[in-house]
Amino acid sequence: MKLYDYAYSSAGYRARIALNLKGLKYERSVVNLIKDGGQQHSAAYKAVNPQELIPTLETDGRVIGQSLAIVEYLDETYPTPPLLPSYPAEKARVRQIAYEIACDIHPINNQRVRQHLKALGHSEEEILSKWYAHWIAIGFAALETQLSGSKETGQFCHGDTPTLADICLVPQMANAYRFKVPVDAFPTLVRIDAACRALPAFAAAAPEKQPDAA
């Protein structure tokens, strides 16, 4: 397996966690999103992934983009340990939490959006304090209410084993810490994040543990 990845890519972080939870060995091919104007825009990488996004997984003669597609592919191909519950209603709950993060919080805050806002004349301080923090706070407030008010929440987002929901939560929490977004109002998220990061699979996937971390 080869994972095209970057240490500080939230989506790449998700894929690393999933690969580690499954105990799979893989080669990392670093695509630096900052260096050389963004190596994801190079002709070589565009030939791999025309979307010019991270991550991309090469495995079994296939090329798979989009982190959630990668995680679910791994879960279906290597079913132990499972990353989604067996029962449809529980599976839907885990996906709902994951999608709230991966589809609603992350995309409007990712690097290419921040770069475009900067190109439109917004300052870095304005982007982080008035845009980035705003969407984190709204998204996290909803998640905190959902998770703290549900009996299905356990040590992790759903029960007492990590799922796709935790795989999405931890990178987003890391982003909040990285950009100094206050998280004191979200004690359930803070608790779950700490429980996840205490696990070797999550710890080894952390951005600062990657060789390309700056």
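The values are calculated or read from the model by the stated rules, or taken from the named source; none is laboratory data. From a predicted model like this one, the values you see are computed outputs, not experimental measurements. We place every Cβ from the backbone using ideal geometry, glycine too, and count neighbours over all the protein chains shown.
The residue that is farthest from residue 136 (Cα to Cα), counting only those in the stretch 198-207 that are in contact (Cβ under 8 Å) with a residue 12 or more places away in the chain and surrounded by fewer than 17 Cβ atoms within 10 Å (Cβ to Cβ), is 200.
If you go through the stretch 181-214 and keep only what is closer than 16 Å to residue 6 by Cα, part of a loop (DSSP other than H, G, I, E, B) and not polar (S, T, N, Q), you end up with 206, 211, 212, 213, 214.
If you go through the stretch 159-173 one residue at a time, how many are buried (at least 20 other Cβ atoms within 10 Å of the Cβ) and small (Gly, Ala, Ser)? Qualifying residue count for the region: 1. Just one residue in the set 15, 7 is closer than 20 Å to residue 209 by Cα, part of a helix (DSSP H, G or I) and modelled with pLDDT of 95 or more; that residue is 15. From the list 53, 57, 84, 74, the lone residue that is under 17 Å from residue 196 (Cβ atoms) and surrounded by 16 or more Cβ atoms within 10 Å (Cβ to Cβ) is 84.
Results for (1) of a type outside the set (A, V, I, L, M); (2) over 13 Å from the mean Cα position of the chain (by Cα), shown as yes or no for each residue.
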position	(1), (2)
17	no, no
38	yes, yes
43	no, yes
50	yes, yes
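Residues in the stretch 39-88 that are in contact (Cβ under 8 Å) with a residue 24 or more places away in the chain, of a type outside the set (S, T, N, Q) and not in a loop (DSSP other than H, G, I, E, B): 45, 48, 57, 58, 68, 70, 71, 72, 74, 75. Restricting 48, 113 to residues that are of a type in the set (A, V, I, L, M), in the same structural domain as residue 150 (by TED's automatic domain parsing), more than 30 Å from residue 151 (Cβ to Cβ) and surrounded by 14 or more Cβ atoms within 10 Å (Cβ to Cβ) narrows the list to 113.
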